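Nothing in this text is a laboratory measurement; each read-out follows from the coordinates by a stated rule. Worth saying up front: this structure is predicted, and the values here are computed from it rather than measured. Cβ sites come from the backbone with ideal geometry, for glycine too, and all protein chains shown count toward neighbours.
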Amino acid sequence: MEITDKNQNVVIDAYVNQVQARQKSAPLGGKAGGEQGIKDDTVVISDAARRIQEAQKQLQTVPDVRVDKVGELRSRIESGVYEIKPDAIAGKMIRESLLNDLLK
């Protein structure tokens with residue numbers, strides 16, 4: 001079934017009516033008559049997901065810009081002692097491009 005603006009409201013209204021009907025028929029503090037065997041929803045996070053979350057937290061503490069490195073390079077450029085090695089830069093660009101093509 002395709003949900004469009006017209007029937008989206010119908011679906012939402014039907015859901016709201018269903019929830020309200022369950023709330024009216026359920027005794028206070030308990031569950032509705034036929035729902036006693038239904039368990040609450042739970043979420044279980046795998047060990048891998050926990051490790052990913054921990055890594056993300058640690059990455060958030062690392063600054064995006066290394067201020068010390070930027071300052072050092074800026075002073076070398078301004079003083080005229082910063083050397084650019086075009087052959088090394090071109091080689092790294094070609095190597096990275098080839099690696100990207102291999103990984104596709």
Which ³J(HN,Hα) values, rounded to whole Hz and listed in residue order, are derived for region 48-54 from phi using the Karplus coefficients 6.51, -1.76 and 1.60 in 6.51 cos²θ - 1.76 cosθ + 1.60 with θ = phi - 60°, glycine and proline given as x?
4, 5, 5, 5, 5, 4, 5
Length released on extending from V81 to S97, taking residue separation times 0.36 nm less the Cα-Cα span
2.8 nm
Give the calculated FRET efficiency between E72 and D47 to the nearest 0.05, with a Förster radius of 41 Å applied to their Cβ-Cβ distance.
0.50
Just the Kirkwood number for region 62-104, please: inverse of mean 1/r across all distinct Cα pairs, in Å, one decimal.
12.8 Å
Which ³J(HN,Hα) values in Hz, rounded to whole numbers, follow from the phi angles of region 91-101 under the Karplus curve 6.51 cos²θ - 1.76 cosθ + 1.60, where θ = phi - 60° and Gly and Pro get x?
x, 5, 5, 5, 4, 5, 5, 5, 5, 4, 5
